[in-house]
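Everything on this sheet refers to the single structure shown next.
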Amino acid sequence: MFGKRNRKQKTTYDKTGKIPVIRASICTREKVAGFKDEKTGK
């Protein structure tokens, strides 16, 4: 009944030149996750 579930594999990403960031809106409390490029800042 309470058996083991199949675990999802973690998605890997190329960590060179990218920073994980979370952008949060104060008004709507919306949160969006993404990556920021170290060189361009975008």
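The values are calculated or read from the model by the stated rules, or taken from the named source; none is laboratory data. Just so we're clear, the structure is a prediction, and the values are computed from it rather than from any experiment. Note: ideal-geometry Cβ built from the backbone for every residue, glycine included; neighbour counts use all protein chains shown.
Below are the figures for this structure:
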quantity	calculated
Filtered residues of region 13-27 (kept if in contact (Cβ under 8 Å) with a residue 12 or more places away in the chain and of a type outside the set (A, V, I, L, M))	Tyr13, Gly17, Lys18, Pro20
Answer residue from the chain, given it is of a type in the set (S, T, N, Q) and over 18 Å from the mean Cα position of the chain (by Cα) and is modelled with the highest pLDDT among those	Thr28
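One line per residue, one yes/no per condition, for (1) exposed (fewer than 10 other Cβ atoms within 10 Å of the Cβ); (2) out of contact with any strand residue (DSSP E or B) (no Cβ under 8 Å at 6 or more places or on another chain); (3) on the phi < 0 side of the Ramachandran plot; (4) in a loop (DSSP other than H, G, I, E, B):
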residue	(1), (2), (3), (4)
Gly3	yes, yes, yes, yes
Arg7	yes, yes, yes, yes
Thr12	yes, yes, yes, yes
Thr16	yes, yes, yes, yes
Val21	no, no, yes, no
Arg29	yes, yes, no, yes
Lys39	yes, yes, yes, yes
Lys42	yes, no, yes, yes
